[in-house]
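J.: Below is a structure I'd like to ask you about.
Here, each number is a calculation from the coordinates, and none is a lab measurement. Treat the numbers as computed from the prediction; the structure is a model and nothing was measured. Note that we place each Cβ from the backbone using ideal geometry, even for glycine, and neighbour counts take in every protein chain shown.
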Amino acid sequence: MEREFDRVIACDLLAVGGSGAGVTAAIYASRQGLDVVLVSKGKVGFSGNAIMAGGGFGVDGESGKELLGLEGADPSFSKERMFDCIVKESFFLSDQNMVEQYVEEGPIVVKDYLGWAQRAGQDYFFCKPANWIASGLSFTKALVQGLKEAEGIRTVEDVAVIEVLTNDGKVCGAVGMDIYTGELILFRAKAVVLGTGGYQPFSMNNTVTDMTGDGPAMAYRAGARLTDMEFILSFPTAVVPQEMKGSIYPYVFEYNMRNLKYTIRDKNGDPLPMPEEIIQLSRGGKLSKLVTSYYFGYAADAGLAGPNGGFFYDYSANTREEKEKGFQIFYDRFDRWHRHGYYKGESLAKVEKMIFDDEPLEVGIGAEYCMGGVEINEKMETGVPGLYVAGEAGSGVFGACRVGDGLVEMMCQGMRSGLSAAEYCRDNPLPAVDEDQADQLLKKILGLFNNEGGRSPLEFYQDIEAVCDKGFGLIRTGEKLEQALKELEELKAEWPTLTLGTKSRAYNAEWLWALQAENLLICCEAGVRAAILRKESRGCHIRKDCPQVDHDNYLVKFVHHAGAQGMETTTRPPVHTKLALPTGQKENVISYFLDPTLDYHR
């Protein structure tokens with residue numbers, strides 16, 4: 001059977017993903033003496049979502065003071081307080097064992113990471129309680145430094161892993177596709193860590209272009225379960241100037257130029273009806289992502305969006321001197337990583353001129369992060385022996401809304417998955433490959449070359465996005481969700497007929513898009529099915545027809561697994577260890593945070 005593959009690579013552990021989770025898993029597993037292979041769809045450090053980061057990361061101030069030895073850290077933001085914040089920000093849907101792992105082990109990996117950053121010559125801006133601001137490229141340069149310092153890691157780049165293989169229910173390896181040559185590679189491994197990121201089903205995203213849910217979908221097909229797939233985090237994203245569409249400069253401005261006041265207006269010039277107390281609670285912090293999504297979504301649903309689908313940031317209440325001070329603060333920080341006057345390669349000259357001329361900026365909403373993914377425990381185990389998941393491909397920490405740091409999540413879970421996988425590999429031999437399973441996979445993926453008369457995979461992929469834009473967006477209704485599910489099921493039935501424009505396997509982008517589209521369909525189906533069943537609003541799941549946060553009936557996770565007749569969905573309560581689960585109802589996701597009995601203090 002191995003002769004059917006172009007290459008065969010054997011190892012103890014296969015770590016998949018060229019960003020934070022995959023790299024840290026590989027590093028910590030190699031420290032345990034494992035033979036580790038790290039596979040990345042692109043170049044390590046230049047693929048995955050970490051490179052897109054525009055903000056920062058942080059740990060609790062207590063650990064910053066005691067473990068990291070930071071003089072400027074604020075220990076009053078303790079581990080207990082961070083735990084409390086994350087659980088409440090998750091609308092109590094986080095698995096609290098996962099939050100404990102994040103809080104306890106995040107500082108350990110951050111200490112290592114800051115050492116890599118220093119040795120890589122990276123300069124981060126520090127702020128209390130124990131936070132750092134940098135650019136995405138600066139983040140990933142530190143990861144690459146850590147990889148350089150590790151021993152025994154073989155790196156395979158520009159290879160997309162397309163399936164996890166199992167034998168008798170246990171992981172036995174994976175299959176990858178060399179993007180440039182089209183070669184199929186059989187990876188034989190005792191264990192696999194998936195650090196491949198999440199899924200983004202919409203056409204307007206703040207992520208790299210291939211957040212297609214590869215890891216969650218592969219894990220699902222291998223027997224793992226998915227949960228929290230209905231929760232997708234979005235935040236303010238540029239729609240003007242045209243050349244900066246998709247930039248996150250509006251949010252970066254808000255977070256770093258906090259001295260500047262602005263009013264968000266609709267197409268008629270009227271302010272969005274945001275209560276002053278919620279503005280004070282959220283503006284300049286990560287909770288603003290949920291708040292702006294809520295008000296943008298409802299205003300757009302009422303037909304009040306501008307010509308590009310956005311709303312207008314009006315900075316005219318500030319004097320010229322205040323504006324100049326705000327930009328000076330911004331550039332004092334970001335000139336460390338970007339050319340002066342630019343953000344991520346794009347000139348801010350037009351943006352500056354519009355702000356100084358009191359011309360409102362049209363700002364939309366782009367999707368950033370999915371709280372859902374593979375159901376895992378605090379050891380990053382999936383329930384499939386030998387299969388581990390870390391970072392955004394997993395679920396559990398952030399529940400219905402992420403306010404904590406995804407960069408810390410990917411690294412602390414990467415570290416733990418590498419250590420857990422090392423323990424598993426020491427106790428288990430290299431298993432044989434299930435030849436029937438491998439043969440069926442080859443028939444499926446190579447069979448696409450035999451199709452004629454079907455649609456282009458890229459057009460098909462864009463149809464998935466269009467369905468989700470229309471029925472699974474910021475403001476949802478049962479009717480729209482049911483229609484979206486119907487259309488997704490039709491697309492799923494069409495997938496086997498997709499036709500490749502070229503029959504060469506070498507650098508065949510259509511082939512890759514077809515395989516990614518199958519993965520995205522699985523994730524979208526899980527998300528929409530859960531959104532239909534969740535007849536309430538909670539965090540980033542906002543139902544116009546069910547606006548209340550309903551703890552009595554819906555403080556549960558919807559869990560999806562592959563059944564004999566397709567996707568099956570069950571429920572379970574979130575794991576709670578320290579904070580009791582609440583009861584009752586709240587009027588909407590905004591009033592949830594305004595309730596003084598929540599006792600929320602970030």
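J.: For the chain, give the share of DSSP beta bridges that are antiparallel, in percent and rounded to the nearest 5; count only bridges with both residues there. Write down the numbers at each step before the final one.
T.: Numbers: 51 of 75 bridges.
About 70 percent, rounded to the nearest 5.
J.: Within segment 500-602, report the GluC sites (Glu not before Pro) that DSSP leaves as loop and that have at most 16 other Cβ atoms within 10 Å. Don't jump to the answer; show the numbers that get you there.
T.: Details: sites: GLU510, GLU518, GLU525, GLU536, GLU568, GLU587; in loops: GLU536, GLU587.
Answer by residue number: GLU587.
J.: Could you pull out the trypsin sites (Lys or Arg not before Pro) across segment 531-594 that fall in loop regions by DSSP (anything but H, G, I, E, B) with no more than 16 other Cβ atoms inside 10 Å?
T.: Details: sites: ARG534, LYS535, ARG538, ARG543, LYS544, LYS557, LYS578, LYS586; in loops: ARG534, LYS535, LYS544, LYS578.
Here the sparse-neighbourhood loop sites are LYS535, LYS544, LYS578.
J.: Sticking with this one: Quick check: from the Cα gyration tensor, does segment 285-387 come out rounded (a/c under 1.5), prolate or oblate? Please report the intermediate quantities before stating the final value.
T.: Numbers: a/c = 2.96, a/b = 1.60, b/c = 1.85.
Oblate shape, in that a/c is at least 1.5 and b/c is the bigger or equal ratio.
J.: If the reach is capped at under 13 angstrom between alpha carbons, list the aspartates and glutamates near LYS128, excluding any in the same chain fewer than eight residues apart.
T.: Cross-link targets: ASP60, GLU62, GLU71, ASP74.
J.: Looking at LEU184, ALA160, THR196, which one has the Cα that reaches farthest to the positive end of the dipole of segment 153-203 (charges on Cβ: Lys, Arg +1; Asp, Glu -1)?
T.: THR196
J.: While we're on this one: Straight-line reach from LYS43: which aspartates and glutamates have Cα under 13 Å away, leaving out those fewer than 8 places along the same chain?
T.: The qualifying aspartates and glutamates are GLU157, ASP158, ASP178.
J.: For the chain, what does the relative contact order come out to in percent, with C-alpha contacts under 8 Å and a separation of six or more?
T.: Working: 1359 pairs, mean separation 125.7, N = 602.
Relative CO of the chain lands at 21 percent.
J.: May I pose another question? Kindly express, to the nearest 10 degrees and within the range 0 to 90, the angle between helix 478-494's C-alpha long axis and the longest C-alpha principal axis of the chain.
T.: It is inclined by approximately 30 degrees.
J.: Follow-up question, since we're still on this one. When the dipole is taken about the Cα centre of the chain, and only Lys, Arg (+1) and Asp, Glu (-1) are charged at their Cβ, what size is it in debye, to the nearest 20? Write down the numbers at each step before the final one.
T.: Working: 62 positive and 85 negative charges, 126 e Å.
In total the dipole reaches around 600 debye.
J.: Taking only pairs that are 8 or more places apart or on different chains, how many Lys pairs in segment 508-602 have Cα atoms under 15 angstrom apart?
T.: Numbers: LYS535/LYS544; LYS535/LYS557; LYS535/LYS586; LYS544/LYS586.
Taking the Cα cut-off of 15 Å, the pair count is 4.
J.: Moving on to the next point. Which angle between 0 and 90 degrees, to the nearest 10, do you get for helix 96-119 versus the longest principal axis of the chain when only C-alpha atoms count?
T.: 90 degrees
J.: Next question, about the same structure. Starting from the Cα of HIS601, step 7 Å along the direction of its Cβ; do the same at ASN588; then give the gap between the two resulting points in nm.
T.: Between HIS601 and ASN588, the label points sit 2.9 nm apart.
J.: So for ASP158, ASP545, ASP12, fewest C-beta neighbours within 10 Å to most, what's the order? It would help to have the intermediate numbers written out before the result.
T.: Working: ASP158 18, ASP545 13, ASP12 23.
By the 10 Å Cβ count, ascending: ASP545, ASP158, ASP12.
J.: Give me the three principal axis extents of segment 1-50 from the C-alpha atoms, as integers in angstrom, largest value leading.
T.: Over segment 1-50, Cα extents along the principal axes are 37, 26, 11 Å.
J.: Determine the calculated [θ] at 222 nm for the chain from helices alone, applying -39500 (n - 2.57) to every DSSP H run no shorter than 4 residues and normalising by the residue count; nearest 500 deg cm²/dmol. Write down the numbers at each step before the final one.
T.: On the way: 18 runs with 229 residues, N = 602.
Calculated at 222 nm, the ellipticity per residue is -12000 deg cm²/dmol.
J.: Can you work out ³J(HN,Hα) from phi for every residue in segment 227-232, in order, using Karplus 6.51 cos²θ - 1.76 cosθ + 1.60 and θ = phi - 60°, giving whole Hz and x for Gly and Pro?
T.: Values per residue, Gly and Pro as x: 8, 6, 6, 7, 9, 10 Hz.
J.: I would also like to ask the following. Where the eigenvalues come from the Cα gyration tensor of the chain, what are the semi-axes √(5λ) of the equivalent ellipsoid, largest first, in whole Å?
T.: On the way: eigenvalues 265, 154, 122 Å².
Values for the chain, descending: 36, 28, 25 Å.
J.: Now, a different point. Taking the Cα centre of segment 429-562 as origin, work out the dipole magnitude from +1 charges on Lys and Arg Cβ and -1 charges on Asp and Glu Cβ, in debye rounded to 20.
T.: 360 debye
J.: Exactly which GluC sites (Glu not before Pro) in segment 61-170 are in a DSSP loop and have at most 11 other Cβ atoms within 10 Å? The partial results should precede the final answer.
T.: Details: sites: GLU62, GLU66, GLU71, GLU80, GLU89, GLU100, GLU104, GLU105, GLU149, GLU151, GLU157, GLU163; in loops: GLU71, GLU151, GLU157.
Passing sites in segment 61-170 are GLU71, GLU151.
J.: List the lysines whose alpha-carbon lies under 25 Å from that of LYS443, not counting same-chain residues fewer than 8 positions away?
T.: Hits, sequence-local ones excluded: LYS41, LYS170, LYS190, LYS492, LYS503.
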